[in-house]
Amino acid sequence: MQTRKSAQPARTITPAEAAALVQSGMWIDYCSGILQPDVFDAALAADKDRLRDVKIRSTLTTRPRAVLEQDPEGAHFHSLSLHFSGYDRRMHDAGRTSYLPVNLGEVPDYYRRFIPPVDILILKTCRMDADGMFNFSGLNLWHREIVLRAKCVIVEVTDGLPYAHGPDNGVHVSEVDYILEGDNSPATELPNPPGTEVDRAVAHLISDEIEDGACLQIGIGGMPNAVCSELLHSTARDLGVHTEMLTDGIVDLYRAGRINGSRKTLMPGKVVYSFALGSRKLYDAIDRNPDFAACPVDFTNLPHNIMQNDRVVSINNTTQIDLQGQCASESDGFRHISGTGGQLQFVRGAYASKGGKSFICLSSTYSKRGEPKSRIVLSLTPGNIVTTPRSDVMYVVTEYGMVNLKGKSVPERALALISIAHPDFREGLMRQAHENRILPRGFTFAT
């Protein structure tokens, strides 16, 4: 493991002293999810009047940020996010947050090659262990790369985080400049609402395709998690996990004995993930549990690593798909809602895996101002970002069925996708496809 050498032994400081290290124009990194600092954040917000143009980079914010809440006009701070949570989305709507487009698995390399050195890295960690390490808990991601390139490293120590096993999952005291006492608040939990009937219908179709020994990647959202619930009642055994996000559904399968990783090639026997976000049940499951391994995201997400396991099954959501198979999974027109994340990399890695399958799932409709709209459309909403190109898409699943787009021509794709659209929209989609020469006159294709 590459290391950073602090200029002086780590020193414990107060929140006010930590905030005083920040100067106008600096780049600050708050890191990700449950590792974002709270005590430092409050102190920095209280010190805002002397500061201008402080830029704060983060990912998946799980709690309101004082620097944004107490600076509604953006006179002092601006936030940049590599992947939006619901809170980040609201801040974007208010003009307070911008998105940094990334394939999540490439982010460590961005810090190595393209992102200038961070002025101050501040992140929550577990308390120092007997080896002098401050554990990153269940969020390994790209934090080591920021440590190596930050001009100043501050850890906000807390008893509120689970301790997670995994390679390079922490920062040594010799690499730390300052230690800040945290408030020991428990890790933020991500609500896990029960699946809808549509979620369960989609999940049932996908679970039937999952064989013994399959290696799972489960994306965020109700549908991918519903697949885990379905697998609890299936016959699939000896499942493995190599995923970006660790979810409650995966923990349920692990506790039920369905996951043992015995047939994996890469880190057999381990539940491999890069970040954990879920309920207290999930945090309790990973706490000091050697069966779980929090790994850097350029290990979990790069397709040439993913494909080393056989029978990889990638399951991700999209919000809109056009008749040629382009998937828009991160925006609603020009309104950004999430991020590219690892979707494209896992779609490609799963397809390259021996016997692998990738699934893009979506409900056939959504409601806009009380009116039902089709998620399968002739063309994407103007401004929508293509997350997964048509050439990469394999299986597409709605509550009305499943189709495989690999090897299909544009007309065949259109017919296949229309067949799993909501029945109320199929006739209109067929007419639009003919009018726009997606379906040539006089030709029919089997779907």
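Computed from the coordinates by the stated procedures, all read-outs in this text should not be read as laboratory data. Because the structure is a prediction, the values reported are computed rather than measured. Every residue, glycine as well, gets a Cβ built from its backbone with ideal geometry; the counts of neighbours run over all protein chains shown.
Descriptive notes on the structure:
- For the chain, with +1 on Lys and Arg beta carbons and -1 on Asp and Glu, the positive-most of THR3, ILE360, THR243 along the dipole: ILE360
- Pairs of Lys residues in segment 197-435 that lie 8 or more places apart, or on two chains, and have C-alpha atoms under 16 angstrom apart add up to 4.
- Within-15-Å neighbourhood charge of MET91 [Cβ basis; K, R +1; D, E -1]: +2
- Charging the Cβ of each Asp and Glu at -1 and of each Lys and Arg at +1, and nothing else, the dipole of segment 11-181 about its Cα centre rounds to 360 debye.
- Cα centroid separation, segment 1-50 to segment 140-207 (Å): 17 Å
- Neighbour-count ranking [beta-carbon atoms within 10 angstrom, fewest first] of GLU244, GLU197: GLU197, GLU244
- Peptides ranked, highest mean first, by Cβ atoms within 10 Å: ranges 309-319, 141-151, 200-210: 309-319, 141-151, 200-210
- Think of segment 326-447 as having a plus end and a minus end, set by charges on the Cβ of Lys, Arg, Asp and Glu; of HIS422, HIS336, VAL397, VAL397 sits farthest toward the positive end of this dipole.
- Charges were assigned to the Cβ only: +1 to each Lys and Arg, -1 to each Asp and Glu. The resulting dipole of the chain about its Cα centre is roughly 1140 debye.
- Other residues with beta-carbon under 11 Å from the beta-carbon of ASP38 carry, at +1 per Lys or Arg and -1 per Asp or Glu, a net charge of 0.
- Cα centroid separation, segment 371-447 to segment 256-300 (Å): 36 Å
- For THR62, the amide hydrogen comes within under 5 Å of the amide hydrogens of GLY33, counting only partners 5 or more places away or on other chains and with H modelled in the peptide plane.
- Angle between the chain longest axis and helix 410-419 axis [Cα atoms, degrees, rounded to 10]: 90 degrees
- For the chain, calculated [θ]222 nm from helices alone, where every DSSP H run of n ≥ 4 adds -39500 (n - 2.57): -7000 deg cm²/dmol
- Sorting PHE425, PHE77, PHE275 from the fewest to the most surrounding beta carbons within 10 angstrom yields PHE425, PHE77, PHE275.
- Per DSSP, loop trypsin sites (Lys or Arg not before Pro) in segment 21-92 with at most 15 further Cβ within 10 Å: ARG52
- Order of VAL347, VAL102 under a 10 Å beta carbon neighbour criterion, fewest first: VAL102, VAL347
- Charge tally around THR387: other residues with Cβ under 13 Å, Lys/Arg +1 each, Asp/Glu -1 each, net -2.
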